[in-house]
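Participant: Before we start, here is the structure in question, set down as structure tokens.
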Amino acid sequence: MAGLRIDRVTKAFGTAKALDAVSIDVADGEFLAVLGPSGCGKTTLLRLIAGFDRLTGGSIWIGDREVSGASRQVPTEERGIGIVFQSYALWPHMTVIENVAYGLNVAGVGRETRDRRVAEALDLVGLQSYADRRPALLSGGQRQRVALARCLVMEPNLVLLDEPLANLDVHLRASMEEEFRRFHERTGKTMVYITHDQAEAMALADRIAVLNHGLLEQVATASTLYREPATEMVAGFIGQGMVVPVEVRSASGDGACIARFLGLDIRFRRRPGALPPSPALACLRTSGLSLAAPGEAGIPGVIQRMIYQGGFFRAEFRPDAAPSLTLVLEVQEPAAITVGARANVAVRDGWIIPEAAAP
């Protein structure tokens, strides 16, 4: 096994930069998800790690070996990596066992070793009884497990996964997430998982790297990204956070501050250290908003919409002081309020985005 170091990697196509000085260190055995909207540079980064493309600047290291740099480009087949593609990329005329064994045959691995490694790989993904079937007779989830076994049998140092669940329906995705979790736990492989799906990234990865327009916005655990986004983009992208302007009034040394929002002085969490700018931007979550209790200070406004979510309603609220702003909160069933009703909303939790000044 080996860790991965991405050091100030830049990839330009003409004057456009698909990646701009991206640096990420992935520990040996870590599961990293690379997450971001379409066009953010996720697939470009995977192609550079795999050696399919040459970088414009920076370097990539697998373990203690530089595989991409200013004057170095190690071929894909010599990088010790395995790749699981979104499209499975299985040979339709071969059986499961033949697909899994293909890379070993090409590499000239002896029959005894080949048979042992293929059997171990099929056992790991639970497909021993499907060894003689062809891909056309398998479900989407089973085909993806064949692709995973074919990757594993080559004993790679690093596993790259390119949106491997994108072609599966929602029920298969849930079961395959568990497959990938077990795969990582049992093999301890270093894994880089490319995805646009936040739920997948949060369910699977030790850490998540968020890309946007070729720039690295933040690398952190799922909990940190959600609770303490470092940038305005991460705040709005992860969990559909609400980014709002606030005026910081005072701060304490315990990572808190008082900020004014729509006429109320509210306690917000913040990064310990230097006082954030004022005016600043804050991230609110639906879980941090609620209907104010009788006699409690709250933001006055009107309920614009109620969407049933199973056990609770997603309520869209328009504050009187900012009619163009929509705040979203959860109202438990049975709802004590209806569309068009006036309400007061209390802010019970919020995060000051570091160094993000309000326009």
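Participant: Which pairs turn up if I take residues in region 184-205 that are under 14 Å from GLU163 (Cβ atoms) and look for partners that are part of a strand (DSSP E or B) and among the β-branched types (Val, Ile, Thr) with beta carbon separation below 6 Å, at least 6 apart in sequence or on another chain?
Facilitator: MET191/VAL159; ILE194/VAL34; ALA201/THR195; ALA201/ILE208
Participant: Sticking with this structure for a sec: Tell me, which residue of region 125-144 that is polar (S, T, N, Q) and in contact with a Leu (Cβ under 8 Å, 6 or more places away or on another chain) is farthest from SER87 (Cα to Cα)?
Facilitator: Residue satisfying both the conditions and the ranking: GLN128.
Participant: Still on this structure, please answer the following. Hey, which of the strands (runs of 3 or more DSSP E) in region 38-103, taking only ones fully inside, have at least 3 residues that are touching a residue at least 40 places away in the same chain (Cβ under 8 Å) and out of contact with any Lys or Arg (no Cβ under 6 Å at 6 or more places or on another chain)?
Facilitator: Fully inside region 38-103 and qualifying: 57-62, 81-84.
Participant: Also, I was wondering about something else. Spot the failing condition for LEU225; the list is (1) outside any helix (DSSP H, G or I); (2) open to solvent by less than 40 Å² (accessible area, probe 1.4 Å); (3) over 30 Å from TYR102 (Cβ atoms); (4) free of Cβ contacts under 8 Å to residues at least 40 places away in the same chain, and only one is missed.
Facilitator: LEU225 satisfies every listed condition except (1).
Participant: Since ALA282 meets every condition but one in (1) open to solvent by less than 10 Å² (accessible area, probe 1.4 Å); (2) in contact with an Asp or Glu (Cβ under 9 Å, 6 or more places away or on another chain), which condition does it not meet?
Facilitator: Condition (2) is where ALA282 drops out.
Participant: Just to check your reading of the model, which residue among ALA12, ALA33 is over 21 Å from TYR193 (Cβ atoms), open to solvent by less than 50 Å² (accessible area, probe 1.4 Å) and not basic (Lys, Arg)?
Facilitator: ALA12
Participant: Looking only at residues that are more than 15 Å from the chain's Cα centre (by Cα) and surrounded by fewer than 16 Cβ atoms within 10 Å (Cβ to Cβ) in region 172-185, which one is nearest to SER23 (Cα to Cα)?
Facilitator: GLU185
Participant: Tell me which of these LEU275 doesn't satisfy, since it passes every other one: (1) part of a loop (DSSP other than H, G, I, E, B); (2) more than 33 Å from the chain's Cα centre (by Cα).
Facilitator: So LEU275 meets the others, but not (2).
Participant: Would you mind stating whether LEU168 is in contact with a Gly (Cβ under 7 Å, 6 or more places away or on another chain), outside any helix (DSSP H, G or I) and farther than 23 Å from GLY29 by Cβ?
Facilitator: yes
Participant: Return the only residue of VAL146, VAL219 being in contact (Cβ under 8 Å) with a residue 40 or more places away in the chain, farther than 28 Å from GLU98 by Cβ and either of a type outside the set (D, E, K, R) or outside any loop (DSSP other than H, G, I, E, B) (or both).
Facilitator: VAL219 is the lone residue from the list that is in contact (Cβ under 8 Å) with a residue 40 or more places away in the chain, farther than 28 Å from GLU98 by Cβ and either of a type outside the set (D, E, K, R) or outside any loop (DSSP other than H, G, I, E, B) (or both).
Participant: Right, next: Tell me, which residue of region 303-355 that is in a loop (DSSP other than H, G, I, E, B) and within 13 Å of LEU289 (Cα to Cα) is most open to solvent (accessible area, probe 1.4 Å)?
Facilitator: Restricting to residues being in a loop (DSSP other than H, G, I, E, B) and within 13 Å of LEU289 (Cα to Cα), the top hit is ARG348.
Participant: Given the conditions (1) assigned to a strand (DSSP E or B); (2) open to solvent by 60 Å² or more (accessible area, probe 1.4 Å); (3) of a type in the set (A, V, I, L, M, F, W, C), and given that MET202 satisfies all but one, which numbered condition is not satisfied?
Facilitator: The single condition MET202 does not satisfy is (1).
Participant: Kindly indicate which of GLY239, GLY188 is over 30 Å from VAL331 (Cβ atoms) and either open to solvent by 70 Å² or more (accessible area, probe 1.4 Å) or small (Gly, Ala, Ser) (or both).
Facilitator: So the residue among GLY239, GLY188 that is over 30 Å from VAL331 (Cβ atoms) and either open to solvent by 70 Å² or more (accessible area, probe 1.4 Å) or small (Gly, Ala, Ser) (or both) is GLY188.
Participant: Let me ask something additional. Just name the residue that is surrounded by the fewest Cβ atoms within 10 Å (Cβ to Cβ) out of those in region 15-30 that are touching a strand residue (DSSP E or B) at 6+ places or on another chain (Cβ under 9 Å) and assigned to a loop (DSSP other than H, G, I, E, B).
Facilitator: Checked region 15-30; the qualifying residue surrounded by the fewest Cβ atoms within 10 Å (Cβ to Cβ) is ALA27.
The values are calculated or read from the model by the stated rules, or taken from the named source; none is laboratory data. These numbers were taken from a predicted model, which means no experiment stands behind them. In this analysis, Cβ positions are derived from the backbone assuming ideal geometry, glycine residues included, and neighbour counts consider all displayed protein chains. What goes into the accessible areas is simple: the full protein's heavy atoms, side chains included, and nothing from ligands, DNA or RNA. Shrake-Rupley method; radii C 1.70, N 1.55, O 1.52, S 1.80 Å.
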